[in-house]
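Engineer: Provided herewith is a single structure, encoded as structure tokens, for subsequent inquiry.
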Amino acid sequence: MTPRLRTPPAEAARHRAWRRRPPLAAGLALAGGGCTSVQPLLEPRGPVAEAIAELGITSFVIAGLVALVVFTMLLIPVLRAWRGKEEPLRLPMQPFTFVLVAGVAVPALILAGIYFYAMGTLSATTTPPSEPVVRVDVTGHQWWWEVRYLTPDSVFLAETANEIHIPAGVPVQFDVRTADVIHSFWVPQLGRKIDLIPGRVNSIWLQADEPGVLRGQCAEYCGTQHAKMALLVIAEPRAEFEAWLARQREPARPPLDSLAVRGRAVFLAAPCGFCHTVRGTPAQGDVAPDLTHLGSRRTLAAGVLENTQGNLEAWIVDSQHLKPGNQMPSYNLFRGEELRALAAYLQSLR
């Protein structure tokens, strides 16, 4: 029997409340949701995002002031006519001079100021304040993220998927590429987005000021499951990051639990190893996410599901229902105890 995912009671109650809202209230709630989303734009957590946020707020304030002046100038003649004043409005200078000053010189100065401010922000967000201590290679696939860790001189360290750990308080270099179509790597709270272009390697540096879990997303439409191509960036203190990276470099540990031992046999007998790698086993596939430490990740299928054994069972047997069109077929040949054993083995990979 195919396992089914159940909506938690609290989430179901929110859905029922949403359906009962009148259209206007629902629209206002949706508009306000941008301020409390899982990817807030106005809550920067790093120097790159802070510089971009400051540029955006400054530009918004300047645009607001310009709009206020323009609307005031448009409103003055209306108010004069409404009050019955028929004499022409006296300008502080000759009309031609006023047009040159208010219509050409002032806008040119404002735009020039914004331009140079933007160029300064671009320069500040392009060059890191110090040499990055770790390099992360990110490859976009339809629809998941391959993540490889290297030293600054390109020595391979470890590989994972859909979850990026970084040390907090120091710059990290990201080299991004794509295995298929154009994607875009974007973690709003850390900084600017960067496109993944076929045949190119683009680079960006980002920094998280404090430890925390931040959500990223593919920001370029890349196919039917583009909306379900998310990732997590987990910023940790330097010592915790080094310990995590050391664990990721190790091969998979042999299972000790009898159910997981049976699951390992199921995994190796099934076609899983043709696509997936579990280091330390004969499974050495290279076209799907590396599963060596799958049990330590927080989500499955690039943010679609929380990483629990029940969700993992559901994903194995019904992946095409949960994320239609993804490259993993639904393996509904697994049943009962065999499915539980396989999921238990994969959950043990930590």
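Engineer: In debye to the nearest 20, how big a dipole does the chain give about its Cα centre with +1 on each Lys and Arg Cβ and -1 on each Asp and Glu Cβ?
Structural biologist: Dipole magnitude for the chain comes out near 1180 debye.
Engineer: Once Lys and Arg get +1 and Asp and Glu get -1 on their Cβ, which of 288, 46, 82 lies farthest toward the positive end of the dipole of the chain?
Structural biologist: 82
Engineer: While we're here: Rolling a 1.4 angstrom probe over the protein heavy atoms, how many square angstrom per residue are accessible across region 298-350?
Structural biologist: Roughly 43 Å² per residue, with all protein chains present.
Engineer: Would you work out which of 336, 271, 260 lies farthest towards the positive end of the dipole of region 253-348? Charges go on Cβ: Lys and Arg +1, Asp and Glu -1.
Structural biologist: Positive-most Cα among the choices belongs to 260.
Engineer: Report, in debye and to the nearest 20, how large the dipole of region 118-199 comes out about its Cα centre when Lys and Arg carry +1 and Asp and Glu carry -1 on their Cβ.
Structural biologist: Magnitude of the dipole: close to 240 debye.
Engineer: Rank 350, 262, 148 by accessible area, highest first, at a 1.4 Å probe radius?
Structural biologist: Ranked list, largest accessible area first: 350, 262, 148.
Engineer: According to a simple spin-label model (label point 7 Å from Cα along Cα-to-Cβ), what is the distance in nm between residue 203 and residue 69?
Structural biologist: The answer from the label model is 4.2 nm.
Engineer: Checking the a/c ratio against 1.5 first, then a/b against b/c, what shape does the Cα gyration tensor give for region 203-350?
Structural biologist: oblate
Engineer: Report in % the part of the accessible area of the chain that belongs to carbon and sulfur, leaving out ligands and nucleic acids; probe 1.4 Å.
Structural biologist: In the chain, the share of accessible area belonging to carbon and sulfur is 62 percent.
Engineer: Under 12 Å from the Cβ of residue 341, count the other residues' Cβ atoms, weight Lys and Arg +1, Asp and Glu -1, and hand me the total.
Structural biologist: 0
Engineer: Separation between the residue 269 and residue 115 pseudo-spin-labels, each 7 Å from Cα along Cα→Cβ, expressed in nm?
Structural biologist: For the pair residue 269/residue 115, the computed spacing is 7.1 nm.
Engineer: Additional query: For residue 108 and residue 94, calculate 0.36 nm times their separation in residues minus their Cα-Cα distance, and state this gained length in nm to one decimal.
Structural biologist: 3.0 nm
Engineer: Tally the DSSP beta bridges in region 100-222 and give the antiparallel ones as a percent, rounded to 5.
Structural biologist: Antiparallel bridges: around 80 percent, rounded to the nearest 5.
Engineer: In terms of modelled amide H atoms, which long-range or inter-chain residues lie less than 5 Å from the amide H of residue 157?
Structural biologist: 149, 150, 151
Engineer: Here is a further query. Determine the gain in length on full extension of the stretch residue 224-residue 333; use 0.36 nm per residue of separation and subtract their C-alpha separation, reporting nm with one decimal.
Structural biologist: 36.7 nm
Engineer: To continue, here is another question. For Kirkwood radius over Cα pairs in Å, the choices are [x] 20.7; [y] 24.0; [z] 21.2; which was calculated from the structure?
Structural biologist: Correct label, based on the coordinates given: [y].
Engineer: Using a 7 Å offset from the Cα along the Cα-to-Cβ direction at both residue 286 and residue 61, what is the distance between the two label points in nm, to one decimal?
Structural biologist: Going from the residue 286 label point to the residue 61 one covers 5.3 nm.
Engineer: Just the number, please: Stokes-Einstein D of region 291-350 in µm²/s, Kirkwood Rh from C-alpha pairs, 25 °C, 0.890 mPa s.
Structural biologist: Diffusion coefficient, whole number: 212 µm²/s.
Engineer: Of the listed peptides 190-201, 245-256, what is their order by residue-averaged count of other C-beta atoms within 10 Å, with the highest listed first?
Structural biologist: 190-201, 245-256
Engineer: When all protein chains stay in place, what accessible area (Å², nearest 10, 1.4 Å probe) is found for residue 323?
Structural biologist: For residue 323, the solvent-accessible surface is approximately 10 Å².
Engineer: Taking 0.36 nm per residue of sequence separation and subtracting the Cα-Cα distance, how much length would be gained by fully extending the chain between residue 131 and residue 181, in nm to one decimal?
Structural biologist: Stretched fully, the residue 131-residue 181 segment lengthens by 14.9 nm.
Engineer: Before I look further, what does region 139-197 give for accessible area per residue, probe 1.4 Å, in whole square angstrom?
Structural biologist: Per-residue value: 30 Å².
The values are calculated or read from the model by the stated rules, or taken from the named source; none is laboratory data. On a predicted model such as this, the values are computed, not experimentally measured, just so you know. So basically every Cβ, Gly included, is an ideal-geometry build from the backbone, and we count neighbours across all protein chains shown. All accessible areas refer to the heavy atoms of the entire protein, side chains included, with ligands and DNA or RNA removed. Shrake-Rupley method; radii C 1.70, N 1.55, O 1.52, S 1.80 Å.
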